[in-house]
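Taking it in order: structure first as structure tokens, then the write-up.
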Amino acid sequence: MSFTELGLKPELSRAVAEKGYTVPTPIQREAIPAVLAGRDVLAGAQTGTGKTAAFVLPILQNLGAPQAGAPRALVLTPTRELAAQVAASAQDYGRFVELRTVVIFGGVSERPQIEALRRGCDILVATPGRLLDLAQQGVLKLSEVRVCVLDEADRMLDMGFIHAIRQILKMLPKERQNLLFSATYSEDIRALAARMLRTPVAIEVAARNATADRIEQHVYRVPKDHKRHLLAHLIEDGNWQQVLVFTRTKHGANRLAQQLEGSGIRSAAIHGNKSQAARVRALSDFKEGRVTALVATEVAARGLDIKELPFVVNYELPNVPEDYVHRIGRTARAGGSGAAVSLVSPDEAPLLRDIEQVLRRTLPVAALPTFKVSAPPANAAREPQPGAPGGAHRQGHRPQGPWQGTRRGPTRSHGSHAPGSFSRARRSV
């Protein structure tokens with residue numbers, strides 16, 4: 001099936017073809033005809049399935065001729081990065097229909113956004129907080145909105161935006177089309193859908209809370225203080241060129257990025273305390289290959305559009321098990337394949353059990369490779385000997401934690417790896 005067969009007009013099909021897409025994804029095949037028909041939609045699709053095009057393309061068609069007054073379509077997203085991504089998609093797909101898209105979000109000056117709104121737009125993409133700010137200032141009118149999209153609605157609820165969403169929905173005309181897209185179908189999402197949608201078309205292209213089958217998932221059970229050493233080894237020994245690493249906290253992201261830099265791995269951190277310019281620069285460096293490891297918090301990484309990302313690492317497991325689905329969904333996008341590695345310390349065992357319960361499967365545990373652990377510099381007067389406790393380096397150390405077996409392999413700086421450990425070990429000849 002082609003995009004034209006879905007009912008899209010030639011101008012949109014041409015724009016899609018120029019982006020390099022020829023065959024619609026499952027969510028696009030289901031959603032585009034429903035949106036074109038004016039139906040409300042409740043769509044559950046994991047990240048990377050092409051859901052942005054599933055609502056952007058039919059909205060561009062349904063809006064018809066450009067008017068560039070008050071916005072006629074509103075897309076709400078949880079993060080700045082996702083807002084920018086959706087707006088870019090709308091501009092790309094709409095290049096031959098001349099509809100105008102404006103994006104607004106916090107963390108940057110509101111003055112250019114206000115000026116853009118005054119020039120008018122057909123589609124407005126926004127984060128809830130900045131949208132409310134500008135609406136309350138009277139510089140934004142929502143009375144002409146004909147279609148409202150909640151993108152990654154589950155994340156917006158997780159981030160506490162439900163009150164803001166309710167306020168925004170009250171500002172919109174009662175007669176409108178509503179589209180709700182979510183990676184997971186929690187009970188809260190179903191409750192929101194019941195209040196917002198009218199006899200919706202329900203679409204779910206993957207099992208509830210399922211992860212992409214193409215993602216190879218493994219767990220390394222490792223003591224907490226050895227995680228950074230294992231991660232550095234996996235990156236270097238596997239010759240990874242691009243890896244997205246998740247931490248729980250902003251401070252933890254900064255610290256890990258610095259530690260990886262100290263190990264000779266080009267790294268950058270991205271989180272909510274970073275300026276928008278710094279976040280854009282870090283993401284650009286990552287996409288262009290100037291940075292190997294992008295260390296991110298859950299919120300900052302939400303909506304990152306990185307094509308063909310091969311590796312995702314959970315340096316720390318998320319507190320909310322559904323977030324694991326979102327995290328690893330950064331890889332294996334749009335039909336590709338990828339690998340997700342989780343470094344699990346003993347104290348994270350309950351979190352791992354929760355994730356496996358959501359997935360309804362047990363994640364395979366990979367054998368720890370032999371890797372080097374660097375101890376902090378010794379402050380004592382006597383210099384510790386290498387290989388001794390507290391020594392400067394313990395070459396070829398295989399940590400012995402609560403989950404590590406007692407059988408030891410040969411001591412080497414680059415140990416052998418179990419199948420599925422995602423290492424492409426370099427061999428000398």
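Could you tell me which of rounded, prolate or oblate describes segment 4-204, using a ≥ b ≥ c as the square roots of the eigenvalues of the alpha-carbon gyration tensor, with rounded for a/c under 1.5 and, failing that, prolate when a/b is larger than b/c and oblate otherwise? If you can, show how the numbers build up before the last one.
Details: a/c = 1.55, a/b = 1.12, b/c = 1.39.
It comes out oblate by the Cα gyration axes.
Alpha carbons only, please: Rg and Dmax for segment 78-162, in angstrom.
Reported Rg and Dmax, both Å: 12.7, 37.
Leaving out same-chain residues fewer than 8 places away, which lysines sit with a Cα under 17 Å from that of Lys174?
Within reach: Lys141.
Among Phe311, Phe371, Phe246, what is the fewest-to-most ranking by other Cβ atoms within 10 Å?
Phe311, Phe371, Phe246
Using a cut-off of 19 Å between alpha-carbon atoms, which aspartates and glutamates can reach Lys274, once sequence neighbours fewer than 8 places away in the same chain are excluded?
Candidates past the 8-residue exclusion: Glu81, Glu110, Glu261, Asp285, Glu298, Asp305.
Can you list the trypsin sites (Lys or Arg not before Pro) in segment 1-72 that are in a DSSP coil and have 15 or fewer other beta carbons within 10 angstrom? Can you show the working numbers first?
Values: sites: Arg14, Lys19, Arg29, Arg39, Lys51, Arg72; in loops: Lys19, Arg39, Arg72.
Qualifying residues, ordered by number: Lys19.
How far is the Cα center of segment 111-128 from the Cα center of segment 240-255, in Å?
32 Å
Among Ser345, Ser267, Ser143, which comes first, second and so on when ranked by fewest other beta-carbon atoms within 10 Å?
On the way: Ser345 21, Ser267 26, Ser143 9.
Lowest count first: Ser143, Ser345, Ser267.
Restrict the search to segment 244-329; then list the GluC sites (Glu not before Pro) that DSSP places in a loop and that have at most 10 other Cβ atoms within 10 Å of their Cβ. Could you put the intermediate results ahead of the total?
Values: sites: Glu261, Glu288, Glu298, Glu308, Glu316, Glu322; in loops: Glu288, Glu308, Glu316.
Here the sparse-neighbourhood loop sites are Glu288.
Would you calculate the separation in nanometres between label points at Ile162 and Arg281, each defined as 7 Å from the Cα along the Cα-to-beta-carbon direction?
3.9 nm
Report the charge-dipole magnitude of segment 4-204 in Debye, nearest 20, computed about the Cα centre from +1 at each Lys and Arg Cβ and -1 at each Asp and Glu Cβ. Intermediate values should be presented prior to the final figure.
Details: 24 positive and 21 negative charges, 108 e Å.
Its charge dipole is roughly 520 debye.
Bear in mind these aren't lab numbers, they're just calculated from the coordinates by the rules spelled out. In this text, all values refer to a predicted model and were calculated from it rather than measured experimentally. Using ideal geometry, Cβ is built from the backbone for each residue, glycine included, and neighbour counts are taken over all protein chains shown.
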